[in-house]
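Below you'll find the structure, written out as structure tokens, and then a few comments.
The numbers here are math on the coordinates, done by the rules we state, and not lab data. Fair warning: this is a prediction, and the values are worked out from it, not measured in the lab. Here Cβ is always computed from backbone atoms with ideal geometry, including for glycine, and neighbour counts include all displayed protein chains.
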Amino acid sequence: MSRPLSVALAGLGTVGGGVLKLLRDNADNVAARAGRAIAVTAVSARDRSRDRGVPLSGLRWYDDPVALAADPGVDVVVELIGGSEGPARALAEATIQAGKPLVTANKALLAIHGADLARQAEKRGVTLAFEAAVAGGIPVIKALREGLAGNRITAVAGILNGTCNYILTQMRERGREFAEVLADAQKLGYAEADPSFDIDGVDAAHKLAILAALAFGRPVAFDHVHVEGIRRVSALDIAFANELGYRIKLLGIARQTEAGIDTRVHPCMVPQSAPIATVDGVFNAVVAEGDFVGRVMLTGRGAGAGPTASAVAADLIDIARDRRTPVWGAAGAALSSAPSMPMDQHVGCYYLRLMVVDRPGVIADVTAILRDMGISLESMLQRGRSPGEAVPVVLVTHETQEGAMRQALAMIGKLPTVMEEPTLIRIEVS
């Protein structure tokens with residue numbers, strides 16, 4: 001075997017500690033598959049005194065992570081700092097400019113600056129690897145970019161955030177409201193103290209932007225992803241979904257359409273019979289559709305020390321073997337310039353829940369608005385009577401355009417008999 005691959009590791013949190021442990025515990029296995037040993041020789045983190053559960057003796061320590069890129073004894077840099085700006089971005093750019101491969105688990109960095117970083121990496125002729133940035137230990141990057149390279153991908157979708165999936169699962173199984181389950185998830189460590197990045201859909205949108213770039217061979221375009229989170233999903237909606245034969249999941253969806261590439265993250269109702277409906281708890285799942293392969297589904301743990309370290313190690317082994325693939329699957333000059341489809345052009349079925357005053361004529365007012373906007377109904381649910389009080393009414397539409405649905409929703413929300421903001425959830429049947 002040739003000399004060991006020398007790795008610099010920036011960030012020694014949960015994932016960084018996991019990478020150190022994996023490379024040491026599985027050193028023989030990794031070396032056999034890489035054709036050479038892979039060893040961490042330099043590290044950077046904010047606190048030298050913190051006990052991380054793995055020995056750090058013998059490793060060169062840098063207080064400034066950007067300095068890792070200039071270390072002549074380092075062959076490849078692994079960035080596990082996180083965040084789209086600051087030290088993470090500075091280290092990524094410095095590593096590429098130094099002509100060294102970069103491995104990162106940083107989905108925010110790639111979603112926002114990935115197009116520019118890819119151009120820099122191509123110009124310098126270095127690898128930019130990011131298997132760990134999407135869906136943790138699920139090898140979805142390699143699946144899309146390499147395993148399905150012979151296909152025209154028509155769609156990629158999935159459960160891309162374990163925190164949201166855990167919350168929605170608990171709400172369904174225990175009949176509890178969002179705020180209660182979120183508080184429990186924070187106590188258990190499944191949700192951050194500030195969970196907005198997860199529950200508002202931003203984390204999933206970062207990952208979807210990366211998947212869409214790989215699937216459709218165009219530069220990453222995070223700004224064109226429509227994003228909604230799960231804050232407004234209630235136990236009542238989950239109960240109605242069950243009655244209608246659906247489960248509610250936060251999905252990231254990217255599709256090639258005649259109007260352009262449709263990329264969106266939002267709560268969806270999916271049929272209970274759909275394989276993705278059975279993916280519960282903190283698990284993630286990604287479904288890809290290709291013209292020759294058909295539908296492929298990958299599922300597994302989307303976060304945590306072990307799964308994410310597994311993905312980092314896979315990238316390091318590729319680098320040790322000098323296996324190279326363009327960042328987005330094709331050279332920059334061959335990438336698509338396909339436009340993004342505006343969200344108001346999306347066509348689908350909708351679940352609409354209203355809290356209305358229980359009195360004659362209310363439903364007629366609502367359906368008149370839907371009729372005037374060209375929206376037809378498939379079904380309606382109303383449970384119980386409470387004259388003069390607010391009661392839930394659920395309407396399910398046939399396929400209609402998002403723009404028309406939004407206009408109708410705004411008019412319905414202004415009716416004096418509608419007591420709170422209407423809840424709209426899109427239905428995904430395929």
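Remarks
- Here Asp116 and Ala90 are evaluated by their C-beta separation; at R0 = 22 Å the FRET efficiency comes out at 0.95.
- Each peptide in 250-260, 39-49 gets a packing score, the mean of other Cβ atoms within 10 Å over its residues, and the list from highest to lowest is 250-260, 39-49.
- Packing here is the average count of other Cβ atoms within 10 Å per residue, and on that basis the peptides 310-322, 79-91, 126-138, 367-379, highest first, run 126-138, 310-322, 79-91, 367-379.
- When its C-alpha radius of gyration is set against 2.2 N^0.38 Å (N residues), segment 223-316 gives a value of 1.27.
- Simple spin-label estimate for Asp63 and Asp365 in nanometres, 7 Å along Cα-Cβ: 6.7 nm
- Cα centroid separation, segment 11-66 to segment 216-237: 34 Å.
- Angle of helix 178-188 to the longest C-alpha principal axis of the chain, folded into 0 to 90 degrees and rounded to 10: 20°.
- Inter-site label distance for Val347 and Thr325 at 7 Å from Cα along Cβ, in nm: 3.4 nm
- Backbone amide hydrogens, once placed in the peptide plane, bring Ser336 within less than 5 Å of Arg218, excluding anything fewer than 5 places away on its chain.
- Note on the chain: helix-only mean residue ellipticity at 222 nm, from DSSP H runs of 4+ residues weighted -39500 (n - 2.57) and normalised by residue number, equals -10000 deg cm²/dmol.
- Taking only the C-alpha atoms of segment 140-301, the Rg (one decimal) and the largest Cα-Cα distance, Dmax (whole number), read 15.7, 46 Å.
- For the listed peptides 192-202, 330-340, 92-102, 238-248, a ranking on the average number of other beta carbons within 10 Å per residue, highest first, reads 92-102, 238-248, 192-202, 330-340.
- Per-residue 3J(HN,Hα) values for segment 165-176, derived from phi via the Karplus relation 6.51 cos²θ - 1.76 cosθ + 1.60 with θ = phi - 60°, read 5, 4, 4, 5, 5, 5, 4, 6, 6, 10, x, 9 Hz in sequence order (x marks Gly and Pro).
- Interchain or long-range residues, amide H under 5 Å from Ile427's placed H: Met269, Cys349, Tyr350, Tyr351
- GNM flexibility winner over the chain from Arg295, Arg36, Arg359 (Cα, springs under 10 Å): Arg359
- Averaging 1/r over every pair of different alpha carbons in segment 95-205 and inverting the result gives a Kirkwood radius of 16.4 Å.
- Stokes-Einstein diffusion for the chain at 25 °C, viscosity 0.890 mPa s, with a Kirkwood radius from C-alpha pairs, works out to 106 µm²/s.
- From phi via Karplus (6.51, -1.76, 1.60), per-residue ³J(HN,Hα) for segment 398-409 in Hz, x at Gly/Pro: 6, 4, 8, 7, 4, x, 5, 5, 5, 5, 4, 4
- The chain, relative contact order in percent, only Cα pairs under 8 angstrom and at least six apart counted: 16 percent
- Per-residue 3J(HN,Hα) values for segment 115-131, derived from phi via the Karplus relation 6.51 cos²θ - 1.76 cosθ + 1.60 with θ = phi - 60°, read 5, 5, 4, 5, 4, 4, 5, 5, 5, 8, x, 10, 7, 10, 10, 8, 4 Hz in sequence order (x marks Gly and Pro).
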